[in-house]
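Chemist: Sharing a structure here in structure tokens format.
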């Protein structure tokens, strides 16, 4: 992890390297690791790790490796294709970037690919092969005696039924899966219709899966005085088909073992949280807010941070405008409550309890209690026209 300053984190600073050197075919290869600079929003790294600019971090490690006589240098970059293009353009001495994170498909033959495989920026070959194990990237690089790339050719291999499975690996997976199969295959509910949870929907607008999970959270803790639920769209990883719903289905939707968090914040903080959730819709970011006990209208054309047009909450059975000065009880998952996906405004919440039940269990129990579950979208998240002030 070249761009992580671990000096203030004693549990990690001695155990994680910025790069490694391996030998293959008699050649020494330098492998540099890179992680997203916005990791504090994407994960839960804690307060002691600082993520630095990728260009500066990568160039420093290239220079260190070169000083050690390494002239074939590969960057393993889980930072997204746009960052890879910038790194290739703004560094010197980097031969190959193997990218990830943005799930970009580079290909010389697949229609709609984002660019050729590899994409050359100067002397740097950039590859990325989509995601979810659909492709296996394969790249052949030729170096001259000075370690300069003279040729780079390849293409992602589609892992379809024509690719034979490895019998030994398949048997090992089956063996390891046995203790979990009973849990995964247990039918917990029935879905009357498909429950939409695709990332292309749940990260940009109200979605049925978001409503299900938010309502399940709120139902679980409403008796504790909690009235609002917020679930990040990026925490929803799949849809559920109509018919019997297994625990495996629910765990596929909610795989992170997040727990319920309850806490109290003023109404203005709720509005700030919604603005954060709407601030990166154009990028398909996972922070988009799916909600229960609350409805809001927003303007997609407005500037990030100024997109909310109205927010209402339930009071005495009716919808009423949120009061910025009033304190409200919220429930979310512990990732969001601890500042994940940019929700840092919740770090200062009051009466916090982060150790509730697993969100997947809560959702499964809610589905069971409402079986056959009929998915709902009711306009709780609406868009408004926006005009720039003149």
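What follows is calculated from the coordinates using simple rules that are stated; it is not laboratory data. Quick caveat: nothing in here was measured; it's all calculated off a predicted structure. With ideal geometry, Cβ positions are generated from the backbone for all residues, glycine too; neighbour counts draw on all protein chains shown.
Chemist: Report the FRET efficiency, 1/(1 + (r/R0)^6), for residue 114 and residue 174, where r is their Cβ-Cβ distance and R0 is 35 Å, rounded to 0.05. Could you put the intermediate results ahead of the total?
Modeler: Working: r = 36 Å, r/R0 = 1.03.
It comes to 0.45.
Chemist: Compute the long axis of helix 81-90 from its Cα atoms, compare it with the longest principal axis of the Cα atoms of the chain, and write down the angle in degrees, 0 to 90, nearest 10.
Modeler: 40 degrees
Chemist: Using a Debye calculation, one point per C-alpha and no hydration shell, please list log10 I(q)/I(0) for the chain at q = 0.06, 0.08, 0.14, 0.15 Å⁻¹ in order.
Modeler: Result of the Debye calculation: -0.30, -0.53, -1.28, -1.35.
Chemist: In the Gaussian network model of the chain, springs joining C-alpha atoms below 10 Å, which of 141, 311, 221 carries the largest mean-square fluctuation?
Modeler: 141
Chemist: Evaluate the stretch 185-383: find the radius of gyration of its Cα atoms, find its Kirkwood radius, and give the ratio Rg to Rh. If you can, show how the numbers build up before the last one.
Modeler: On the way: Rg = 15.6 Å, Rh = 16.6 Å.
Using Cα coordinates only, the ratio equals 0.94.
Chemist: Between 323, 82, 145, find the one with the highest GNM mean-square fluctuation for the chain; connect C-alpha pairs within less than 10 Å.
Modeler: Evaluated over the chain, the most mobile residue of the options is 145.
Chemist: Next question. Between residue 89 and residue 198, what length comes free when the chain is fully extended (0.36 nm per residue of separation minus the Cα-Cα distance, one decimal in nm)? Write out the running numbers ahead of the final one.
Modeler: Values: separation 109, 0.36 × 109 = 39.24 nm, distance 3.41 nm.
That works out to 35.8 nm of additional length.
Chemist: Here's a follow-up. Compute the acute angle (0 to 90°) between the alpha-carbon long axis of helix 167-185 and the principal axis of greatest extent of the alpha-carbon atoms of the chain; round to the nearest 10°.
Modeler: Tilt relative to the chain: about 10 degrees.
Chemist: Taking the simple approach of a point 7 Å from Cα along Cα-to-Cβ for both residue 136 and residue 24, what is their distance in nm?
Modeler: Taking the two extended label points, one gets 1.4 nm.
Chemist: Rule-of-thumb check for the stretch 4-158: C-alpha Rg over 2.2 N^0.38 Å? Don't jump to the answer; show the numbers that get you there.
Modeler: Numbers: Rg = 15.9 Å, N = 155, 2.2 N^0.38 = 15.0 Å.
Compared with the compact-globule rule of thumb, the stretch 4-158 sits at 1.06.
Chemist: While we're looking at this one, here's another question. How big is the stretch 174-271 along each principal axis, measuring the range of its Cα positions in Å and listing the largest first?
Modeler: The principal-axis extents, from largest down, are 51, 27, 23 Å.
Chemist: Note the full-extension length gain between residue 384 and residue 50 as 0.36 nm times their separation in residues minus their Cα-Cα distance, in nm to one decimal.
Modeler: Numbers: separation 334, 0.36 × 334 = 120.24 nm, distance 3.81 nm.
Roughly 116.4 nm would be gained on extension.
Chemist: Mind pulling up the Rg/Rh value for the stretch 1-88? Radius of gyration and Kirkwood radius, both on Cα. If you can, show how the numbers build up before the last one.
Modeler: Numbers: Rg = 13.6 Å, Rh = 13.7 Å.
Over the Cα atoms of the stretch 1-88, Rg/Rh equals 0.99.
Chemist: Sorting 165, 365 on the 10 Å Cβ count, fewest up front, what's the list? If you can, show how the numbers build up before the last one.
Modeler: Numbers: 165 10, 365 17.
Exposure proxy ranking, most exposed first: 165, 365.
Chemist: Which of 319, 298 comes first, and how do the rest follow, when ranked by fewest Cβ neighbours within 10 Å?
Modeler: Values: 319 10, 298 23.
Ascending Cβ contact count within 10 Å gives the list 319, 298.
Chemist: Please give the FRET efficiency for residue 268 paired with residue 43, using the beta carbon to beta carbon distance and R0 = 25 Å, rounded to the nearest 0.05. The partial results should precede the final answer.
Modeler: On the way: r = 27 Å, r/R0 = 1.09.
Plugging the Cβ-Cβ distance into 1/(1 + (r/R0)^6) gives 0.40.
Chemist: Can you pull the percent of Cα pairs in the stretch 289-340 with separation above 19 Å? Walk me through the intermediate numbers first.
Modeler: Values: 550 of 1326 pairs.
In whole percent, the share of Cα-Cα pairs in the stretch 289-340 beyond 19 Å is 41.
Chemist: Right, next: So what is the 222 nm mean residue ellipticity for the chain from helices alone, if each DSSP H run of at least 4 adds -39500 (n - 2.57) and you divide by all residues, rounding to the nearest 500 deg cm²/dmol? If you can, show how the numbers build up before the last one.
Modeler: Numbers: 10 runs with 98 residues, N = 390.
Taking each H run of at least 4 residues, the total per residue is -7500 deg cm²/dmol.
Chemist: While we're here: For the residues 38, 160, what sequence is obtained by ranking on other C-beta atoms within 10 Å, fewest first? Don't skip to the answer; put the middle values down first.
Modeler: Values: 38 15, 160 8.
Ascending number of Cβ neighbours within 10 Å: 160, 38.
Chemist: So if I take the centroid of the Cα atoms in the stretch 220-254 and the same for the stretch 266-282, what is the distance between those two points in Å?
Modeler: For the stretch 220-254 versus the stretch 266-282, the Cα centre distance is 21 Å.
Chemist: Can you give me the Cα centroid spacing of the stretch 296-334 and the stretch 21-53 in angstrom?
Modeler: 38 Å
Chemist: Expected output is a single nm value to one decimal: the length gained when fully extending between residue 306 and residue 12, i.e. 0.36 nm times separation in residues minus the C-alpha distance. What is it? Please report the intermediate quantities before stating the final value.
Modeler: Numbers: separation 294, 0.36 × 294 = 105.84 nm, distance 3.86 nm.
Taking residue 306 through residue 12 to full extension adds about 102.0 nm, to one decimal.
Chemist: Follow-up question, since we're still on this one. Nearest 10 degrees, 0 to 90: what angle lies between the long axis of helix 54-67 and the longest principal axis of the chain (Cα atoms)?
Modeler: On a 0 to 90 degree scale, this one is about 30.
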